[in-house]
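Scroll down for the structure; my scribbles are underneath it.
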Amino acid sequence: MVMAGIICVIYLLNPDAGVLELIPDNIPIIGNLDEVAATILLLKVIKYFGWNPFGLWGKKK
């Protein structure tokens, strides 16, 4: 799980300026689906380790 999170962060930061793209962003509608998938996977990895990223915007108990 740690490796999946690291890969997602690297993919989303995209240090290679577009060389690492799975789906080119200039394709209409589906161009950003790879970033959406990487974001969803990263959020699941964060939640797996016990931190609720969605709790930042909820009511305080």
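The values are calculated or read from the model by the stated rules, or taken from the named source; none is laboratory data. Predicted, not measured: the structure shown is a model, and the values here were computed from it. Because the Cβ atoms are built from the backbone with ideal geometry, glycine has one as well, and the counts that use them run over all protein chains shown.
Within the range 2-26, track down each residue that is modelled with pLDDT of 80 or more, surrounded by 11 or more Cβ atoms within 10 Å (Cβ to Cβ) and hydrophobic (A, V, I, L, M, F, W, C).
Hits for the range 2-26 are Ala4, Ile6, Ile7, Cys8, Val9, Ile10, Leu12.
If you check every pair at least six apart or on different chains, which have Cβ atoms under 6 Å apart with a residue in the range 27-54 that is free of Cβ contacts under 8 Å to residues at least 24 places away in the same chain first and a residue that is among the aliphatic types (A, V, I, L, M) and exposed (fewer than 13 other Cβ atoms within 10 Å of the Cβ) second?
Close Cβ pairs satisfying both conditions: Asp34/Leu22.
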